[in-house]
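Reading through the structure tokens given below for one structure.
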Amino acid sequence: MKENFARRGGRARPAPAAPRPAPPEPAALAAKVRTMAPSMTRSMQRVAETVAADPAGCAVLTVTALAERTGTSEATVVRTARLLGYPGYRDLRLALAGLAAQQASGAAPAVTADISVDDPIGEVVAKLTQDERQTLTDTAGALDLTQVEAAVSAMATARRIDVYGVGASSLVAQDLAQKLLRIGLVAHAHADPHLAVTNAVQLRTGDVAIAITHSGRTVDVIEPLQAAFDHGATTVAVTGRPDGEVTQYADHVLTTSTARESELRPAAMSSRTSQLLVVDCLFIGVAQRTYETAAPALHASYEALAHRHSPREPR
């Protein structure tokens, strides 16, 4: 959630303070770097990529030495540490030492490789599998569990839930809305931007609006989320860019993995994988909170559809 003032009901409202999340575990550091690097300045990227690539070497460096190694300044090193979730450089060094110890114990480093036009299908399958696994690991490592819990709490008691997404993200929005409907919640996915805004202005306090956008800049998703925010609904952004415009209108921000694009593999493919993980976490959390009503509703939906999945008797 951005620490700024956004418009709600015609009045400026400061974003509510949230508990400071715990620093990432050492194993999550590399995932955090991959997720946050695209939104960093170039000098901060050099620091982040250097510590992720050589945790053992960087763990013994002073802040001055790391600044010299990366061609940056001490202030840049400290800002990078804080952006990665550590209170200061000392805490980052401790995480680096922990990560180096884990790697020394035999943990295999992540392997990524772009798919080439002449790769045999077996290699394509192996590379895609590795990339999908890494995407899920990175997303899990970057998720702020405090924000997830808050979003789940709002959804579990919501009068109505609207989900916005276009393109590949619209498929994820439909997936979440369908799951919520099957446990008895009033949920709708809106891919048409006009319908999305029309529905958003009907939301009120006690409702929830969820925007799904990998880039964080999709106007057709930002506009309905802003309308829902202005009308008092609790708003959630699922995005790969925690600094994206969409977060200005989000009470809760859930960050997904940001994958590298390649000619044969657009980022939309990996981004959808990470988005699906996040919405599954939201759904399971809501189902747990509403189990007494969710379980019978889910059973009823299974019963209603069972005949469609059974072989028909020949006439």
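The values are calculated or read from the model by the stated rules, or taken from the named source; none is laboratory data. None of the values given here were measured: they were computed from a predicted structure. Please note: Cβ atoms are built from the backbone with ideal geometry, for glycine as well, and neighbour counts cover all protein chains shown. Side chains included, ligands, DNA and RNA excluded: accessible areas come from the protein's heavy atoms. Shrake-Rupley method; radii C 1.70, N 1.55, O 1.52, S 1.80 Å.
Sorting the segments 120-129, 292-301 by their mean number of nearby beta carbons within 10 angstrom, highest to lowest, gives 292-301, 120-129.
Counting protein heavy atoms only, segment 154-259 has 50 percent of its accessible area on carbon and sulfur, 1.4 angstrom probe. Would you mind computing, in nm to one decimal, how far apart the modelled labels at A295 and E123 are, each placed 7 Å from Cα along Cα→Cβ? Modelled inter-label distance: 5.1 nm. All C-alpha to C-alpha distances of segment 140-287, sorted into 10 Å bins beginning at zero, yield P(r) values of 13, 48, 33, 5, 0 percent in whole numbers.
Within segment 69-200, all pairs of alpha-carbon atoms sorted by distance into 5 Å bins from zero give the percentages 2, 8, 9, 11, 14, 12, 12, 13, 12, 6, 1, 0. The Cα trace of segment 142-197 gives Rg and Dmax of 12.0, 33 Å, the first to one decimal, the second as a whole number.
With both labels modelled 7 Å from their Cα along Cα-to-Cβ, the A140 to A104 distance reads 2.6 nm.
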